[in-house]
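**Student:** The following block contains the structure, expressed as structure tokens.
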Protein chains: 2
Amino acid sequence: MYRSHTCGELNASYINKEVVLAGWVQKSRDKGFMIWVDLRDRYGITQLIFDEERTSKAIFQEAKLLGREFVIQVTGKVIERTSKNPNIPTGDIEILVSKLTILNKAQLPPFTIEDQTDGGEELRMKFRYLDIRRNPVKNSLIFRHKVAQAVRNYLSKEGFIEVETPYLIKSTPEGARDFVVPSRMNAGQFYALPQSPQTFKQLLMVGGMDKYFQIVKCFRDEDLRADRQPEFTQIDCEMAFVEQEDILNAFEGLTRHLLKEINGVEVDKFPRMLYDDAMRLYGNDKPDIRFGMQFGELNAVAQHKDFGVFNTAELVVGIAVPGGNSFTRKEIDQLIDWVKRPQIGALGMVYCRCNEDGTFKSSVDKFYDETDLAKWAEITGAKPGDLICVLSGETNKVRTQLSALRMELATRLGLRKPNEFAPLWVIDFPLLEWDEETNRYHAMHHPFTSPKPGQLELLATNPGAVKANAYDLVLNGNEIGGGSIRIHDKKTQSLMFDYLGFTPEEAKAQFGFLMDAFQYGAPPHGGIAFGLDRLVAILAGQEIIRDFIAFPKNNAGRDVMIDAPAPLDDKQLEELSLKLNIKS
Amino acid sequence: MYRSHTCGELNASYINKEVVLAGWVQKSRDKGFMIWVDLRDRYGITQLIFDEERTSKAIFQEAKLLGREFVIQVTGKVIERTSKNPNIPTGDIEILVSKLTILNKAQLPPFTIEDQTDGGEELRMKFRYLDIRRNPVKNSLIFRHKVAQAVRNYLSKEGFIEVETPYLIKSTPEGARDFVVPSRMNAGQFYALPQSPQTFKQLLMVGGMDKYFQIVKCFRDEDLRADRQPEFTQIDCEMAFVEQEDILNAFEGLTRHLLKEINGVEVDKFPRMLYDDAMRLYGNDKPDIRFGMQFGELNAVAQHKDFGVFNTAELVVGIAVPGGNSFTRKEIDQLIDWVKRPQIGALGMVYCRCNEDGTFKSSVDKFYDETDLAKWAEITGAKPGDLICVLSGETNKVRTQLSALRMELATRLGLRKPNEFAPLWVIDFPLLEWDEETNRYHAMHHPFTSPKPGQLELLATNPGAVKANAYDLVLNGNEIGGGSIRIHDKKTQSLMFDYLGFTPEEAKAQFGFLMDAFQYGAPPHGGIAFGLDRLVAILAGQEIIRDFIAFPKNNAGRDVMIDAPAPLDDKQLEELSLKLNIKS
């Protein structure tokens, strides 16, 4: 036994007890005749004291040499502190050390092991094992564990069975790019790592498993953006004999349970919003409804005046910024610059001050009088003291731009409160979306999503208008889950593959097993998947997913700590029947 | 809502209630004027009744057409059965159907969906989704879920944190062959899939996580033997500031908890056996101690007589088969044939009948008299009525052979009772084992295992004699877990790599990150990993692991259901900077 107690549990009730502790030297203060050492482990910090009078000379001398992050074991008596620290649970006591063992020395760490560290991102990634010693990272990982446990216990209690699906599966051309795994035993053939266990969970429903879940790693070989990882974790769920309503209720239950258990927050029944409304009112399909600032479409009142920019726009749309009339001219100019940045891409921004006295002052007063602007205010819901910001252009683009502006302003105004939780179901997503690059329709969710009842026929005439039994769960402006009711008959599934441009041969080669399965008694079924990494971050009131992953990869998909990926030796390549084919 | 109840919950207390059920047609009996249908879902079977008098004509006609595995929804009234079935919870009632909807038709399944099916192994693998409908498979998967949940809840309560470690890591030459994953973004470089999260869990200890666990998929590209899967699941655990004793206690606690919670079995403190004793007394390192039949070494009493076979043997060793004197001559001859099969490889077997009257009759009476044989009986612990079986030859080989014979005889004699649980710690494993193929020592556990205190020096003079702080947990003759106390200082770890034949450059390239980590304050630490697939099978009193895996691969590493692995298209290969290099 290296220790009798941890560094987080001793308090006044232990005074005079002999204890053994082990941990890391957080810091050491040497006053000459007395040395204090903060000893740290996962559970807390306990102060050690070495005293020229009461500590043996040998130990006192050794204590002088203790450096930061040394691993030590001490035996000593719990005594009352003279100057108590009310900020930590062990603050009333300290340990008068009678025995000291250095278990391992430590070089000076490349960054400080403190809540606020001096280490940069890359350095902390390279020495991730040191970064994990820091409270913010350590606590994030413990928090993640708690969330995962809460998910598992809740779903198990609700009758869901966690079933492990395989990691070595088959590559499919649909969706994102697969990571593949060459098979040595089947030369020239490859497994793929799952982008999700989608087809397997559907087969489990065909297999009568009824209620399935799994917390599972998934893989996508995409060009990485900031905070997107090649491997990520899903809470993957599926139910049989359900309609959309059943799924929404079941997983609203899970989410409500998490908010209660993890955050202590009680939430009412989740509101629901049609996809079309989300796009119209918030410019995106994952609106943050912790605050208002809904879009007001101004075409009817802003067009057909003399302002050419608006007249030629497909959409003129504005938001009322609460209290925004207090912005200085300079601040507004900065906002205009902000929307004109390439990342946003607006050509400009029209604004209208709503004065406290009920009058208006806009940047386009030349074209619009008070009556016009009053209509803008009415439509955007602007009150005296607000600022109306108006963008115009092609509908999809301008919605995206105004949505970004809305979020930016909310952040600046402190409206995105990390401890406030506003969940929302967005429903009735389109079945298909047009892909400019390949010049064809793609499944918006995935090819197994069922169209709304009676809309299958629309596929032939107006595919873009077909709505799906698909839904997203949105929390504070982030999509935390998405799912759909699936197709469960072979005919509809074949038709879908057909519309998505699969030849019958391709469909059979890729998904024949699923369509076969549908012929042997497939029940109606549907499900949802939550992104665990993001869910955990949001529940913690944070946005950076990487902090909640023990060993994340950088933006080039590299693990800079272990230095992977790395070249293989020739023998390995040969065994896999592969040769490199690098274009210089 | 597709159903108001499941097919497993209705009983007499529901009589006269109107219910809606959905499920699969298990079978249908048509008596002309009356049709009974067994409706099945995950939760059970409920009998439906369609009655010429009480059921509408249209529904009655439709019911006649219901085939096996059709998916249907029915509305009806719960009524009391005339002939009750006391064997199922729903046996007192049936449903008089008033509404019938066929949700999906089904083709005749390729094998019967019954507990005893007529489907062969490959066929059931190809249609695994149908196999999962069968109780034995379905219940195995539910059982596995329960075990995994029990593990997670126990370890969480004990303060362990489940941390997800990465799947895309770096290939290492040590140990089994890695599956690799080409990196598209880093042309010519590869990730590897983890054979275990070994180094990551050690880094978590360096990172102060203190107590870690993870239920995690691991991957080994080995030539497959029966019942070995390329991907398998581990309960992976690690603790800091521990000695071997702490680990044994902690995971004895887990195992005892599982036996109690899952099997309702209370087990005493687990016995411990030295590796050397296990080899000497049972001929292998995972003895089944549910029964005796310990080895008795007979060299001292059987050599130096005139029996040349024994005189030239390195080891002469026997076991007493309880009641074995009742074997007929023919049965004994069959046993001799059994040990001479190529899989076992013994050259022959000497036996000695222990008669009820205290006399002996051996197959080598020419060389050994009653006094000699009485000594055999004493050493092997044979009682009157037993049979002593003796093998001889090269120590390692003959131990393996006799161990196989012991297990075979125990199986035949019914001594391996599936509901009896006999856990055992085997400790003090050798640090190294000699590998004939590569003509060098390999780490028996892995290169991070620490030698016993004070034995490091032996490495230079007698490496094979060095014992490790390594232990296996054995249950009923199966290794269910294994682990070790790790090296936690750079110097010892370098030395180990050195002895294992790594050049300093190789060691640095492969494991530099770990040795670096040891310089920044690594605590003493150790751990264990359990094979979940096997553990679950054994707790269920079964031996075939595959039944406890939802979608297993066959012996060629193929998923015959989805037909993976499969060729990639040229574009994918090119993106990965690879070319096939298939030797014909």
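**Student:** Can you count the Lys pairs in the stretch B:291-416 whose Cα atoms are under 17 Å apart, with each pair 8 or more apart or on different chains?
**Tutor:** Value for the stretch B:291-416: 9.
**Student:** Report the net charge of residues surrounding B:Gln343, where surrounding means a beta-carbon distance below 14 angstrom and charges are Lys +1, Arg +1, Asp -1, Glu -1.
**Tutor:** Values: positive: B:Arg225, B:Lys340, B:Arg341, B:Lys397; negative: B:Asp337, B:Glu408.
For residues surrounding B:Gln343, the net value is +2.
**Student:** Which of the chymotrypsin sites (Phe, Trp or Tyr not before Pro) found in the stretch A:346-427 are in a DSSP loop and have at most 10 neighbouring Cβ atoms, other than their own, within 10 Å? Mind dumping the intermediate values first?
**Tutor:** Values: sites: A:Tyr351, A:Phe360, A:Phe367, A:Tyr368, A:Trp376, A:Phe421, A:Trp425; in loops: A:Phe367, A:Tyr368, A:Phe421.
Within the stretch A:346-427, no chymotrypsin sites (Phe, Trp or Tyr not before Pro) qualify (loop, at most 10 other Cβ atoms within 10 Å).
**Student:** How about the stretch B:1-56: which GluC sites (Glu not before Pro) there are in a DSSP loop, with at most 12 other Cβ atoms within 10 Å of their Cβ?
**Tutor:** In loop regions of the stretch B:1-56 (DSSP not H, G, I, E or B), the sparsely surrounded GluC sites (Glu not before Pro) are B:Glu52, B:Glu53.
**Student:** Further question on the same structure: Of the heavy-atom accessible surface of the protein assembly as shown (probe 1.4 angstrom), what whole percent is carbon and sulfur? Display every interim value, and only then the final one.
**Tutor:** Numbers: 23660 of 47770 Å².
Ligands and nucleic acids excluded, carbon and sulfur reach 50 percent.
**Student:** Which ³J(HN,Hα) values in Hz, rounded to whole numbers, follow from the phi angles of the stretch B:473-481 under the Karplus curve 6.51 cos²θ - 1.76 cosθ + 1.60, where θ = phi - 60° and Gly and Pro get x?
**Tutor:** Residue by residue, the stretch B:473-481 yields 9, 10, 10, 6, x, 10, 6, 9, x Hz.
**Student:** So what J values fall out for the stretch B:210-218 if you push phi through Karplus, 6.51 cos²θ - 1.76 cosθ + 1.60 with θ = phi - 60°, rounded to Hz, Gly and Pro as x?
**Tutor:** Per residue, the Karplus-derived 3J(HN,Hα) values read 6, 9, 10, 9, 6, 9, 9, 6, 10 Hz.
**Student:** Taking amide H positions as placed in the peptide plane 1.01 Å from N, state which residues far from A:Leu274 in sequence (5 or more) or on other chains have amide H under 5 Å from it.
**Tutor:** Result for A:Leu274 returns A:Ile427.
**Student:** A:Gln401: net charge of surrounding residues, Cβ under 14 Å, Lys/Arg +1, Asp/Glu -1, itself excluded?
**Tutor:** Numbers: positive: A:Lys340, A:Arg341, A:Lys397, A:Arg399, A:Arg406; negative: A:Glu314, A:Asp337, A:Glu394, A:Glu408.
Local net charge: +1.
**Student:** Something else: Going by the alpha-carbon gyration tensor, a ≥ b ≥ c the square roots of its eigenvalues, is the stretch A:1-155 rounded (a/c under 1.5) or, if a/c is not under 1.5, prolate (a/b greater than b/c) versus oblate? All intermediate terms of the calculation are to be shown ahead of the outcome.
**Tutor:** On the way: a/c = 2.19, a/b = 1.42, b/c = 1.54.
Oblate, since a/c reaches 1.5 and b/c is not below a/b.
**Student:** Name the trypsin sites (Lys or Arg not before Pro) in the stretch B:204-283 that are in a loop by DSSP and that have at most 13 other C-beta atoms within 10 Å, would you?
**Tutor:** When the trypsin sites (Lys or Arg not before Pro) of the stretch B:204-283 are filtered for loop state and at most 13 Cβ neighbours within 10 Å, B:Arg225, B:Lys269 remain.
**Student:** Give a residue-ordered list of calculated ³J(HN,Hα) values for the stretch A:6-12 (Karplus: 6.51 cos²θ - 1.76 cosθ + 1.60, θ = phi - 60°; whole Hz; x for Gly, Pro).
**Tutor:** Calculated HN-Hα couplings, in order: 9, 7, x, 10, 7, 8, 4 Hz.
**Student:** Taking the Cβ of B:Thr46 as the center, what net charge do the other residues with Cβ under 12 Å away carry, scoring Lys and Arg +1 and Asp and Glu -1?
**Tutor:** Details: positive: B:Arg3, B:Arg40, B:Arg81; negative: B:Glu9, B:Asp38, B:Asp41, B:Asp92, B:Glu94.
Value of the local net charge: -2.
**Student:** Quickly estimate the mean residue ellipticity at 222 nm for chain A, helices only: each DSSP H run with n ≥ 4 gives -39500 (n - 2.57), and the total goes over all residues, rounded to 500.
**Tutor:** Mean residue ellipticity at 222 nm (helix-derived): -8500 deg cm²/dmol.
**Student:** Please state the shape class of the protein assembly as shown: rounded when a/c is under 1.5, otherwise prolate if a/b exceeds b/c and oblate if not, all from the C-alpha gyration tensor.
**Tutor:** Since a/c reaches 1.5 but b/c is at least a/b, the shape of the protein assembly as shown is classed as oblate.
**Student:** Within the stretch B:497-538, what residues put their amide N at less than 15 Å from the label point 7 Å along the Cα-to-Cβ vector of B:Asp435?
**Tutor:** Answer for the stretch B:497-538: B:497-503, B:507.
**Student:** With a 1.4 Å probe, what is the total accessible area buried between chains A and B, in Å² rounded to the nearest 100? Intermediate values should be presented prior to the final figure.
**Tutor:** Numbers: alone 29400 and 29460 Å², together 47770 Å².
Approximately 11100 Å², summed over both chains.
**Student:** If amide H atoms are built 1.01 Å from N in the plane of the peptide, which residues on other chains or at least 5 residues away come under 5 Å of the amide H of A:Val242?
**Tutor:** Residues meeting the amide H criterion: A:His525, A:Gly526.
**Student:** Along Cα→Cβ at 7 Å, what distances in nm separate the A:Pro384 label point from those on the other copies, shortest first?
**Tutor:** 11.6
**Student:** Provide an ascending nm list, one decimal, of label-point separations from B:Val267 to the equivalent residue in each further copy; define each label point as 7 Å from Cα along Cα→Cβ.
**Tutor:** Result for B:Val267, in nm, nearest copy first: 4.3.
**Student:** If you don't mind, there's one more thing I want to ask. Counting only heavy atoms of protein chains, what accessible area per residue, in Å², does the stretch B:448-572 have with a probe of 1.4 Å?
**Tutor:** Values: 4250 Å² over 125 residues.
So the stretch B:448-572 comes to 34 Å² accessible per residue, rounded to a whole number.
**Student:** How would chain B be classified by its alpha-carbon gyration tensor: rounded, prolate or oblate, with rounded meaning a/c under 1.5 and the a/b versus b/c comparison settling the rest?
**Tutor:** Oblate, since a/c reaches 1.5 and b/c is not below a/b.
**Student:** Label-to-label distances across copies for A:Glu9, with labels 7 Å out along Cα→Cβ, in nm, shortest first?
**Tutor:** 4.1
**Student:** Going Cα to Cα from A:Lys64, which lysines come in below 20 Å? Please leave out same-chain ones fewer than 8 positions away.
**Tutor:** Candidates past the 8-residue exclusion: A:Lys27, A:Lys31, A:Lys77, A:Lys99, A:Lys105.
**Student:** If you don't mind, another one. Mind checking Rg over Rh on the stretch A:21-69, alpha carbons, Kirkwood formula for Rh?
**Tutor:** 0.97
**Student:** When Cβ neighbours within 10 Å are restricted to other protein chains, what is their mean count per residue of peptide A:98-111? If you can, show how the numbers build up before the last one.
**Tutor:** Values: counts 0, 0, 0, 0, 0, 7, 11, 5, 5, 4, 1, 3, 1, 0.
Per-residue shielding by partner chains comes out at 3.
**Student:** Going by amide H atoms built from the backbone, whose H comes under 5 Å of the H on B:Ile289, apart from near neighbours?
**Tutor:** B:Asn476, B:Gly477
**Student:** Could you let me know the centre-to-centre spacing of the stretch B:108-132 and the stretch A:262-284, using Cα atoms, in angstrom?
**Tutor:** 45
The values are calculated or read from the model by the stated rules, or taken from the named source; none is laboratory data. Not measured: the values here are computed from a predicted model. Cβ coordinates were reconstructed from backbone atoms using ideal geometry, including for glycine residues, and neighbour counts include every protein chain displayed. Only protein heavy atoms, including side chains, enter the accessible area calculation; ligands, DNA and RNA are left aside. Shrake-Rupley method; radii C 1.70, N 1.55, O 1.52, S 1.80 Å.
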